[in-house]
Each structure stands twice: as structure tokens, then as C-alpha cells.
């Protein structure tokens, strides 16, 4: 180019579209004012749906199409829900069985013959007692008028969902989902229309034979020499991609653990596949507790758990049954007044709480003083929403020494919250089977409001004495994922586990 000669404008390479892309765009151009569902686009273009979906996404990347996406929740009955709808809920079947028995009561043998399996029976007993329809103690008897109980909310929900009713009570739906009787599917509907630029792009078939890639077949046949390829603009800017870095949640967890270590705590770990004994029995949770049903704890089939040490097992059995611990003359308390089932103790489950790690730690380290923490995963049958996930993290901890008290626990909660930038915290009394007194600390989320994140308390003697511990022990099971949501400014727990690289690397928008 001669000196002083004006440089021609850099117009870049011409826009290139593949054959399917042109066909899809031409279809959208025929209806400029409409948003057309993907399935309808495929039907009108005469192309397979998967080809159309890929073409639409590529056209969107070229700013030629616009996406309108709507989602809605669709509730349906699970297989167990269908069975409950046809045969009746476990609690309704138990009401009928007691009402139809000759003595209006069921002992242990009769309830085994009622047709309810162990899990359903346990759930039914717990539900009827919470609703004050079942007398306390054995044999099982209904309270006056219980046999004439009108339709329960869950029964109405099962009927309405089965009949296709759309405006079912949300609280009833949540209850049915929690019990595994219903599930909520998030259905997405995508509709497309051409952008202003896409409406102007010509979609003639003149370039229908342009190829988009150099394939081994073209090279082998030497046909690439005469083939025509779609042009590419090698001068187009590409997104910046930085180097590898830790996931923000994992990075935050490391900082949180450093805070605990600075407070004098040492780390411990435990297996994800646990037995009922370590997951619940040793923590003085009765074997018929509703939280141990299949609606909360995920059982494992085809495996057999290892029984705990026999001496420890006998001490735990004595506490559950309200008898003196072997070697002592007086019981610690009334116990739960039921015959302890040793077979249940060895049943394998996916760990539902990291308190099982505390139990194993205390069994191995009964001599005070001790400060232990564990940050790890747990599993429960929870409906997934903004603050619940089927897999969730907990920060477990115990502090055992002569002067340990609830004031120490509250001080730890406040220190941890302040260290991660949380200023608003509320503490209220609570209840857990294995701690007394018990508390719950709530932290304020800017969008979700007050959320429960720090449960804890002082381990009961029924937990400590069988393990050979004579000092008070403060314990907690912090919902670490909820604290991370507040600290990282997230409004949905699922964002902690996402694979959106743009968001994770700070390049969003």
C-alpha cells in the first residue's frame, strides 16, 4: 500500500450459516412477531429436534435468535404415592387395623400382622402420636374419635395430584415430597424468535454446499482440494480464560477450617457409609424415631454393617431400655421404654449427620480435654430447594473439659459468625434427642431472611456415660453450606455445586 493511501475498512469475514441453521432461521423469519416452541420449529423446518436445538443455540451465539424460557413445577405421585393413594396412607391403614381389631388394640405380634412393613409402621406410629390420635405406650390404642378422623391433608393431596389438580396446597405438596409420596419436576419451555439482525440475514440456499470442518474422509479422498468451506473470522475476539483456581466454596471452606484450627480444634473424619448404631443409637436416638425412617435416612441394600464392640453395645442397649449400665446400680434415666433391636444397630445407611463422627471420636478419645471438628458431607432425603439439598455439608464439633458449658458453645457460635463476616445472629432454645439443653442459632440472609444454621447443645449423660466420658461436652452440627451462602452472597444452595465457569471465575456479564 502506497504511503498516504487510505486503508480500506476492515469488515471482517462474512457471516456463515450451516444448512440446518439457515433452515431454522428461515422458519423463524416467516413468523417475525411470534415466539415459537422448539418442537414446533422442528416440525415446521422438517428437521430432527436435536439438530434444531443445536442450530438455535448456535444462532443465538451469533445474535440472530432470542430465547424466551419459562419454567413451571409439575407435581406427580411416586410409585409409593400411587400405592398410598390406592391402598391408603400408613397412618390410615393403622387406624383401620386398630379399629377393626377385636380388642380395639394391637400388641407387638398383632401389629406385625397388620400388613405394614417396619418403615411404614414406624412412620404411621410417629405421625399418629404427633397428631394426638394414638394413646401413649403399649398396646397401641386409638384415642376417642380417632377412628372417625376425616380426610387428612395428605390424603386430599394424593387424591388431587392423582386427579391432575394443579393448585394443590403447597404445604401439603412439601409434606408429600418429604415422605417420598410425590415429586416436583421443574419443566422448562423454550420458545424462539429471530432478533432484529436475524430478521435481516438472507437465508438463500446458495451456500448450501459449504462445509464446516475438514474431516478425515475429505483428506483421504483428496476431495478437500475442490470443496468449499464456510469462512471463519480468525480476527474475532475470544473470551478471556484465566488459569486454574480453587472452587470458591472449597476456598471458603479452607478459610473456615483455619478459623477452627486457630481456636484450638483438631480435625477428625468418619465414613460416609455408617451403621445405625453410630449414626443414631449411640446418640440416644430411639430406633422408632421418625427421623430414622426411609423418608429421611437413605438405607443401603445388599450390604451388612459391622456390629460395634460388644461392651459398648450393651451399655447403649441398657440406656435405651432404661436399665442400669453394666457395673452400675442405678439407671441414668427412664430410657425410651422399648425392646432394643440389635439387628437394626448393624443396618448400613448413608450418614445423615456428622454427629456420627463425634460419637466415634469420643469412643476413641474419652480422656479430656479435647476439641475436635469435622467438615464433611451427609445425605438425607430432602426436597431440593434454595436451602436444602440431598447432599449437604456440616461442620461438626465437640468441646470437652471440666468447665465446658452452654456459654462456651454460644461464644463459639458468635466467634465463628463474626470471623466470616456475619453480624446478625439470633439464638433460641431447641430440642435434640442427644443434647440437653439444646439451642439453635439463626443467621440473617439478605434475601431469604433468618435461616437456621447453627444447632447444638450439651451432650446428655445417656450419650456420654456409655462412652466412658465424665466431663461435660458441648457439641454442634453447623449447617456449613448455609453459612457459606450468607458469607458468599448466594441465594440458592445449588449455586455452591454449580459448574458455570463464567460465574465461578468472575467473568459473568
Keeping to the range 421-445, report how many residues are surrounded by fewer than 17 Cβ atoms within 10 Å (Cβ to Cβ), in contact (Cβ under 8 Å) with a residue 24 or more places away in the chain and within 24 Å of the chain's Cα centre (by Cα). 2
Count of the range 48-80 residues which are surrounded by 18 or more Cβ atoms within 10 Å (Cβ to Cβ) and not in a helix (DSSP H, G or I): 4
What residue, among those in the range 304-346 that are touching a strand residue (DSSP E or B) at 6+ places or on another chain (Cβ under 9 Å) and loosely packed, with under 15 Cβ neighbours inside 10 Å, is farthest from residue 455 (Cα to Cα)? 304
Matching option when the condition is surrounded by 12 or more Cβ atoms within 10 Å (Cβ to Cβ), over 25 Å from the mean Cα position of the chain (by Cα) and free of Cβ contacts under 8 Å to residues at least 12 places away in the same chain, among 156, 129, 121, 193: 129
Inspect all residues belonging to the range 274-283 and state whether any of them is surrounded by 14 or more Cβ atoms within 10 Å (Cβ to Cβ) and part of a loop (DSSP other than H, G, I, E, B). yes
With the condition kept exactly as written, say whether any residue in the range 326-345 is within 30 Å of residue 81 (Cα to Cα), touching a residue at least 60 places away in the same chain (Cβ under 8 Å) and in contact with a helix residue (DSSP H, G or I) (Cβ under 7 Å, 6 or more places away or on another chain). yes
Would a scan of the range 94-110 turn up a residue that is under 30 Å from residue 170 (Cα atoms) and within 30 Å of the chain's Cα centre (by Cα)? no
Mind telling me which of the residues 462, 418 ends up being free of Cβ contacts under 8 Å to residues at least 12 places away in the same chain and outside any loop (DSSP other than H, G, I, E, B)? 418
Within the range 347-367, residues surrounded by fewer than 16 Cβ atoms within 10 Å (Cβ to Cβ) and either part of a strand (DSSP E or B) or touching a residue at least 24 places away in the same chain (Cβ under 8 Å) (or both) come out as 366
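Values in this text are rule-based calculations from the coordinates and carry no lab data. This one's a predicted model, so the numbers in the text were calculated from it and none came from an experiment. Cβ atoms come from the backbone with ideal geometry, glycine included; neighbour counts cover every protein chain shown.
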